[in-house]
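In what follows, a structure is listed as structure tokens, so that the remarks can point back to it.
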Amino acid sequence: MATPLNLKELSKQEELFAPGHRMCAGCGAPIVVKMVMMAAQHPVVVANATGCLEVSTCIAENTSWKAPWIHTAFENAAATLAGAETMYRSLRKQGKLEGDIKFIAFGGDGGTADIGLQSLSGAMERGHDMTYICYDNGAYMNTGIQRSSATPFGADTTTCPVGSQNPGKLQHRKDLTRIMAAHGIPYVAQASPSHWQDLMTKVRKALDIKGPKFINIIAPCNRGWRTEMDDAIKLSRLAVETCYWPLFEIENGVTRITTMPREKKPLTDFMKPQGRFKHLFQPGNEWMLAAAQEHVDACWERLQKEQASPIRHRG
């Protein structure tokens with residue numbers, strides 16, 4: 001079982017994700033990765049899909065990773081890591097390798113919910129003993145802030161730009177966490193860097209569970225969200241408090257909300273600081289704010305009902 005989290009002890013351990021990378025100042029992704037790597041209590045092998053995190057943390061001979069790290073293509077981080085995990089099991093079976101090694105894949109929402117969904121779904125369905133972490137910043141930030149299926153309703157991006165003919169993205173974001181839960185895997189969770197204990201506890205739990213696991217973590221991007229550089233934790237906390245990004249886990253089919261907001265704040269509290277939603281507060285777009293709030297409320301209500309009546313794991 002995972003040992004309890006203790007800040008004093010965490011501060012003493014070696015950081016497996018070192019500073020000095022080229023991620024943007026204030027980016028939420030490296031905060032997420034640092035927490036995930038610090039939560040690991042065993043040797044780890046990491047696979048990293050092409051994206052902001054990959055191109056900025058391993059440049060030529062320079063790397064921020066202090067663990068075996070595999071850069072793979074945009075679409076196949078899960079498949080690559082599944083292969084490494086299979087090799088590990090084979091070598092252990094042959095008596096050529098000892099010790100307990102954990103396997104972690106990182107991918108942004110574009111490389112996870114869109115381009116990498118096929119390889120991720122395959123790895124989860126086959127039952128590989130690995131943990132996939134999606135750092136969700138809500139767009140293809142590395143290549144120019146293009147919309148992804150995880151981009152929220154109403155957002156302004158370079159491929160759904162706001163103008164006289166378009167009020168922003170007209171589709172609600174893909175619910176990737178539920179899609180992964182539908183695979184019937186042992187553990188699925190949603191987390192936020194604003195709630196570090198919740199996030200790291202979920203990572204440790206996932207790594208202790210045998211089989212495929214998936215954790216979706218919000219990772220604010222000040223470039224794409226058009227916010228202040230020091231707003232990552234503030235915005236990720238507002239995402240939780242407005243229930244845009246509720247914190248929950250589904251373990252063996254049983255849903256549990258891990259953080260209940262003391263007071264559910266209006267979604268506009270999360271949206272107002274972000275330039276990508278600026279146009280929604282102009283006259284004529286009230287219907288979009290109402291639609292966004294209605295969608296969040298419906299999802300939150302459904303989640304609470306699922307906690308009361310959990311769906312049993314398929315086996």
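The values are calculated or read from the model by the stated rules, or taken from the named source; none is laboratory data. Keep in mind that this is a model prediction, so the values were computed, not measured. Note that we place each Cβ from the backbone using ideal geometry, even for glycine, and neighbour counts take in every protein chain shown. Each accessible area value is taken on the protein alone, full model and side chains, heavy atoms only, with ligands, DNA and RNA left out. Shrake-Rupley method; radii C 1.70, N 1.55, O 1.52, S 1.80 Å.
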**Asked** If you rank Glu306, Glu301 by how much accessible surface each has, with a 1.4 Å probe, what is the order from largest down?
**Response** Glu301, Glu306
**Prompt:** In the stretch 72-115, which GluC sites (Glu not before Pro) fall in coil by DSSP and have 13 or fewer other Cβ atoms within 10 Å?
**Reply:** Glu98
**Asked** How many percent of the accessible area of the chain is carbon or sulfur, using a 1.4 Å probe?
**Response** 54 percent
**Message:** Per residue, how much accessible surface does the chain expose to a 1.4 Å probe? Answer in Å², no decimals.
**Reply:** 45 Å²
**Prompt:** At what distance in nm do the modelled label points of Lys8 and Thr159 sit from each other, each positioned 7 Å from its Cα along Cα→Cβ?
**Reply:** 5.0 nm
**Prompt:** What residues have an amide H closer than 5 Å to that of Gly154, excluding those fewer than 5 places away on the same chain, when H is modeled at 1.01 Å from N in the peptide plane?
**Reply:** Lys169, Leu170, Gln171
**Tilt relative to the chain, helix 196-208 - C-alpha long axis, 0 to 90 degrees, to 10** = 40 degrees
**Request:** Let me know the longest stretch in the chain that avoids all trypsin sites (Lys or Arg not before Pro) found in a DSSP loop with at most 10 other C-beta atoms within 10 Å.
**Result:** 97-209
**Asked** At a probe radius of 1.4 Å, what is the per-residue accessible area of Glu14, in Å² to the nearest 10?
**Response** 120 Å²
**Prompt:** What full-extension length gain, to one decimal in nm, is calculated for Ala290 and Arg262 as 0.36 nm per residue of separation minus the Cα-Cα distance?
**Reply:** 7.8 nm
**Prompt:** Once Cα Rg over 2.2 N^0.38 Å is worked out from the coordinates, which option in [x] 1.23; [y] 0.98; [z] 0.93 does it equal?
**Reply:** [y]
**Asked** Any idea of Val45's accessible area? Nearest 10 Å², probe 1.4 Å.
**Response** 30 Å²
**Message:** Using Cα-Cα distances under 8 Å and only pairs 6 or more residues apart, what relative contact order does the stretch 75-130 have, in percent?
**Reply:** 59 percent
**Asked** Label points 7 Å out from Cα along the Cβ direction at Gln197 and Ala18: separation in nm?
**Response** 3.2 nm
**Fill in**
Here the percent of antiparallel bridges among DSSP beta bridges lying wholly in the chain, to the nearest 5, is 35 percent
**Item:** Cys24 accessible area, assembled protein chains, probe 1.4 Å, Å²
**Value:** 80 Å²
**Prompt:** Which angle between 0 and 90 degrees, to the nearest 10, do you get for helix 286-308 versus the longest principal axis of the chain when only C-alpha atoms count?
**Reply:** 40 degrees
**Asked** Angle between the Cα long axis of helix 117-126 and the longest principal axis of the chain, 0 to 90 degrees, nearest 10?
**Response** 40 degrees
